[in-house]
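We did not get these values from a lab; they are worked out from the coordinates using the rules stated. Quick caveat, the model's predicted, so the values are computed rather than measured. Neighbour counts run over all protein chains shown; Cβ positions are idealised from the backbone, glycine included.
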């Protein structure tokens, strides 16, 4: 709990007022069955508290209480169905709250913590039901306007504080991400070994999920993408129900979540263990683009610069393969490469697979800093019905993705020990 306490202290040093963070709501799957619960990342980041129906309050204005929790009370009958709850005593004794109350008392007690604060840190517009409850508490304080007390007259998005903290990972966070990367490595290696003509995409997905769970991962960081043949050209393909055929490439985009931290990795490999000439040409272009982009990562660089590196290499490769014709500079300026490379090269990664943190500062791409973690994921996708390209390239989809930590001197691949050179991939497929 010392890690969470340290984070809360850092938040309190940066705010002047009251910060309110509600838990992720429960979501109904169908009838009376709920989706698997996963706590809001900000709640876990600040308290390590994973129960629904809870609210965190951090305040610089209360004379005694800096950290307050509203939680579900202990209930033996409900705990027999859903498991043990921390309750009010656990919120204070284990999670470090200065004060804790049953969640049913939120409407009654929250105005007390808003009184005296002119600034409220809260993310409006995310959860309408809680927006209404919070604004009702503000209205209750404002209604006492004939007293000398102040009330919130300014609402600030807490992302300006909490998400900026989350963007820069500390040693504990990086350790969790390294472990997530190790588990993800084992899953991808297992998939390379298992895949063969006649297997089904869902068999590969099942193995990946098994490896994640057997090694302590709570869940996948996102639904695994296992796309063979033409399915590899669909960016968010998730049906995973096609039979693998000889001559296919298999694109797997899968990463586990460990201790609330995500891994995000894509590997593409030949189902029969050997790249064809056309497959190898496209694959080596994507790998060259990724290698050059990772080499460009350093403090002071930007994600725009990293992306531009991938575009330059991919355009050159598409020209060499005959998939594009013309002047490279004009192709880049007009973005006529986008039918084959339509997404960005990078995004932040951390507790969320597409993690929080602003991409721009003062209207400009923000410079990279040590402790930031990003993906690098160039790709080339040739639709199966693209009659404008040679037949041998049609239906080929290749993406290579790794998680990269910005260091003081450059970059460190967290997932770089998963095979990705042509020789290493073919060797792993034959293992």
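With the cut-off at 22 Å, report for segment 1-73 the share of all Cα pairs above it, as a whole percent. I get 28 percent for the Cα pairs in segment 1-73 exceeding 22 Å.
Per residue, the convex hull spanned by the Cα atoms of segment 258-356 measures out at 133 cubic angstrom. What fraction, in whole percent, of alpha-carbon pairs in segment 181-247 exceed 14 Å separation? Tail of P(r) above 14 Å: 57 percent of Cα pairs.
Relative to the longest principal axis of the chain, what angle (0 to 90°, nearest 10) does the C-alpha long axis of helix 303-321 take? Compared with the principal axis, the helix lies near 20 degrees. Based on DSSP H segments of at least four residues, each scored -39500 (n - 2.57), the chain has a per-residue ellipticity at 222 nm of -11000 deg cm²/dmol.
Across segment 2-165, C-alpha contacts under 8 Å between residues 6 or more apart give a mean separation that, scaled by the residue count, equals a relative contact order of 21 percent. Which shape class applies to segment 168-430: rounded if a/c is under 1.5, otherwise prolate when a/b exceeds b/c and oblate if not, where a ≥ b ≥ c are the square roots of the Cα gyration tensor eigenvalues? Here segment 168-430 falls in the oblate category.
Fewest neighbouring Cβ atoms within 10 Å first, the residues 3, 20, 55, 226 line up as 3, 55, 20, 226.
Report, in cubic angstrom per residue, the convex hull volume of the C-alpha atoms of segment 328-410. Working shown, then result.
Values: hull volume 12.5 nm³, N = 83.
Cα convex hull per residue, to the nearest whole number: 150 Å³.
Spatial offset of segment 49-98 relative to segment 241-279 amounts to 42 Å, using the alpha carbon center of each. Pairs of Cα atoms nearer than 8 Å and 6+ residues apart set the relative contact order; for segment 212-320 it is 20 percent.
Percent relative contact order of segment 168-430, based on C-alpha pairs within less than 8 angstrom and at least six residues apart? Mind showing how you got there, number by number?
Details: 569 pairs, mean separation 62.5, N = 263.
Once divided by the residue count of segment 168-430, the mean separation gives 24 percent.
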